[in-house]
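See structure below.
The values are calculated or read from the model by the stated rules, or taken from the named source; none is laboratory data. Since we're looking at a predicted model, the values are computed, not measured. Positions of Cβ are backbone-derived with ideal geometry, glycine not excepted, and every protein chain shown enters the neighbour counts.
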Amino acid sequence: MSDIRVLSGPEVAEHANRESCWIIVHGKVYDVTEFLPEHPGGQAIILKYAGKDATEAYEPIHPPDAITTNLPPDKHLGVIDASTVAKVVKEVTAEEKQRQKYMEARPSLDTIINLHDFETVARKVISEKAWAYYSSASDDEITLRENRMAYQRVWFRPRILRDVTSVDWSTTILGQKSSLPVYISATALGKLGHPEGELCLTRAAQNHGVIQMIATLASCSFDEMVDAAKPDQPLFLQLYVNKDREITKKYVQHAEARGVKALFITVDAPQLGRREKDMRMKFVGEEGVAKVQDGQSDIKKDEGVARAISSFIDPSLSWKDIPWFRSITKMPIILKGIATAEDAILAYESGVQGIVLSNHGGRQLDTARSGLEVLVEVIPALRARGYFPNPNFEIFVDGGVRRASDVLKAIALGATAVGVGRPFLYAFCSYGQDGVEKAIQIFRDEFEMNMRLLGARTIDELVPEMVDASALSSHVVLTPQDTLFHNTYVPLAGATFQES
Ligand code: 173
């Protein structure tokens with residue numbers, strides 16, 4: 001039986017302009033003519049592939065089902081007869097060749113000894129575009145660096161002679177068992193850096209009892225990740241709220257039906273920050289030529305990858321929406337991106353089940369404070385109102401965590417667990433699933449040693465008295481330099497001249 005239309009390469013190639021624009025994605029042909037003005041990433045990029053196979057360009061930026069869900073069924077024209085499509089011989093650029101060389105010469109995984117190492121490797125083995133998108137933060141990237149520095153302003157007060165033969169760093173996060181007091185925080189566009197994308201995280205998390213927070217804008221589709229998980233593997237979901245609330249409702253209810261255990265609503269991104277490393281990448285087109293100076297009106301000049309695909313996010317989101325979220329799901333709701341005690345109190349009073357003290361990895365408001373610093377403001381404010389401790393309201397921190405010792409500091413100061421984003425991302429960009437498993441192993445080794453040396457045998461024994469955080473909110477403190485971090489950190493570059 002076949003009422004599916006089979007199209008040939010030359011037929012598709014006839015529709016290669018604004019008036020009639022067909023493209024091939026994953027072996028299927030779509031008429032995207034009417035969709036052109038609506039494409040969040042602009043028309044120009046689609047027109048570049050008009051009449052051709054766009055799969056390779058489509059894949060890292062969109063989940064597989066983006067095109068099928070966004071285009072009405074009558075625009076799904078049929079399948080392509082692959083034998084009739086002229087193979088595009090892609091020239092391997094010098095950058096790509098260099099990258100492949102680096103990939104072959106990567107340090108072997110057993111020589112990787114800390115989380116910074118993954119970043120050092122990733123920087124060389126992923127494309128410049130991916131590196132720019134992942135590593136960038138907003139404006140002067142002060143907050144990005146402060147996230148790391150803040151941990152250096154907290155010092156340990158270790159206890160001794162406590163028989164630390166056995167130590168246990170496992171815990172419970174929002175009612176779910178976790179082998180680490182760390183969850184994998186949401187990061188977008190994983191296939192920019194590795195062909196398997198975020199599935200590497202799902203599979204590694206499964207093997208090690210770690211919880212992954214699935215990103216709304218992951219390259220892999222939500223269902224692919226849930227399908228890759230074990231039936232009883234806990235997963236969380238990060239949510240960007242769509243201007244069309246029906247879409248959000250469907251997405252959230254689908255996630256709940258598929259067993260997702262908690263909903264983390266991102267509240268610090270009504271507009272995406274200006275990430276200048278990412279934005280500068282836009283100035284260089286795929287052929288390495290300056291693209292945006294040629295006056296083409298539909299290339300959005302000042303956007304990087306993320307901004308181009310984030311136009312659906314609703315900037316009108318407000319406290320008034322919380323009851324609606326409560327009405328559409330029974331999952332615990334956590335607000336991700338709280339940055340003051342005032343908002344922590346409002347969050348508690350709004351009836352949500354938790355907050356993430358976060359500045360979005362330094363990618364949103366620059367010179368916003370680190371989550372760790374916000375934590376020492378939030379805990380006493382909640383405590384004063386009788387809101388802390390409360391087993392039904394959990395507090396998380398993310399941003400800048402590279403060591404188990406960082407995690408121990410946050411927990412001693414009142415956090416339930418911390419989110420780690422970029423390090424796991426860099427781990428899979430560099431070594432796929434094995435990299436993520438190694439990163440988890442590194443955390444384990446560091447937890448064991450640090451908990452022994454700190455005199456805490458369980459997570460419950462991590463108490464505020466084990467840290468001196470008195471310098472945390474003082475922003476001018478001299479401490480020894482964190483050289484690993486400084487050596488990996490790439491300073492912002494200035495404007496580039498056009499080649500003559
Ligand atoms: O930090 C980000 O890059 C991010 O949250 C995002 C938002 C929209 C699209 C892609 C990524």
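A few notes on this one:
- Residue among A105, A57, A44, A122 that alone is aliphatic (A, V, I, L, M) and farther than 23 Å from G197 by Cα: A44
- Out of S185, S166, sole residue that is polar (S, T, N, Q), over 18 Å from A427 (Cα atoms) and touching a residue at least 60 places away in the same chain (Cβ under 8 Å): S166
- Flag for D140 being surrounded by fewer than 23 Cβ atoms within 10 Å (Cβ to Cβ) and assigned to a helix (DSSP H, G or I): no
- Some residue of region 77-90 being surrounded by 11 or more Cβ atoms within 10 Å (Cβ to Cβ) and within 28 Å of the chain's Cα centre (by Cα): no
- A search for C-beta distances below 6 Å between a residue of region 255-277 that is more than 22 Å from I211 (Cβ to Cβ) and in contact (Cβ under 8 Å) with a residue 12 or more places away in the chain and any residue that is within 12 Å of the ligand (Cβ to nearest atom) and not in a loop (DSSP other than H, G, I, E, B), counting only pairs 6+ apart in sequence or on different chains, returns L272/A306; L272/R307; G273/S138; R274/S138; R275/S138; K277/A132.
- Check on A229, within 15 Å of the chain's Cα centre (by Cα) and within 23 Å of I333 (Cβ to Cβ): no
- The number of residues in region 90-136 that are among the hydroxyl-bearing types (S, T, Y), within 20 Å of A306 (Cα to Cα) and touching a Lys or Arg at 6+ places or on another chain (Cβ under 7 Å) comes to 4.
- Residue count for region 352-370 satisfying the condition of being within 16 Å of the ligand (Cβ to nearest atom) and either more than 15 Å from A269 (Cβ to Cβ) or hydroxyl-bearing (S, T, Y) (or both): 1.
- Only one of V260, V210 that is surrounded by fewer than 23 Cβ atoms within 10 Å (Cβ to Cβ), among the aliphatic types (A, V, I, L, M) and more than 16 Å from the ligand (Cβ to nearest atom): V260
- One residue alone among E198, E146 is charged (D, E, K, R) and surrounded by 24 or more Cβ atoms within 10 Å (Cβ to Cβ), and that residue is E198.
- Cβ pairs under 9 Å, 6+ apart, first in region 224-240 and touching a residue at least 24 places away in the same chain (Cβ under 8 Å) and in a helix (DSSP H, G or I), second crowded, with 19+ Cβ neighbours inside 10 Å and of a type in the set (D, E, K, R): E224/E198; M225/E198; A228/R203
- Boolean, A404 is crowded, with 20+ Cβ neighbours inside 10 Å and either among the charged types (D, E, K, R) or touching a Lys or Arg at 6+ places or on another chain (Cβ under 9 Å) (or both): yes
- For region 67-103, a residue qualifies if it is in contact (Cβ under 8 Å) with a residue 60 or more places away in the chain and of a type in the set (G, A, S), and the qualifying residues are G78, A86.
- Residue match in region 420-428 (condition: modelled with pLDDT of 95 or more, surrounded by fewer than 21 Cβ atoms within 10 Å (Cβ to Cβ) and under 24 Å from D168 (Cβ atoms)): no
- Number of positions in region 217-251 that are out of contact with any strand residue (DSSP E or B) (no Cβ under 6 Å at 6 or more places or on another chain) and of a type in the set (S, T, Y): 3
- Selection count, region 352-408, where residues are in a strand (DSSP E or B) and under 17 Å from the mean Cα position of the chain (by Cα): 5
- Here the condition is being farther than 30 Å from A215 by Cα, touching a strand residue (DSSP E or B) at 6+ places or on another chain (Cβ under 8 Å) and not polar (S, T, N, Q); of L71, L7, it holds for L7 alone.
- Residue match in region 343-351 (condition: among the β-branched types (V, I, T) and at pLDDT 95 or above): yes
- Candidate set: region 305-351, residues that are of a type in the set (S, T, Y) and in a loop (DSSP other than H, G, I, E, B); chosen: the one nearest to the ligand (Cβ to nearest atom): S310
- Selection within region 162-193 - part of a strand (DSSP E or B) and within 16 Å of the ligand (Cβ to nearest atom): I184
- Each residue in region 53-89 was checked for being farther than 18 Å from S310 by Cα, part of a helix (DSSP H, G or I) and of a type outside the set (D, E), and 7 pass.
- Of the criteria (1) buried (at least 20 other Cβ atoms within 10 Å of the Cβ); (2) assigned to a helix (DSSP H, G or I), which one A415 fails: (2)
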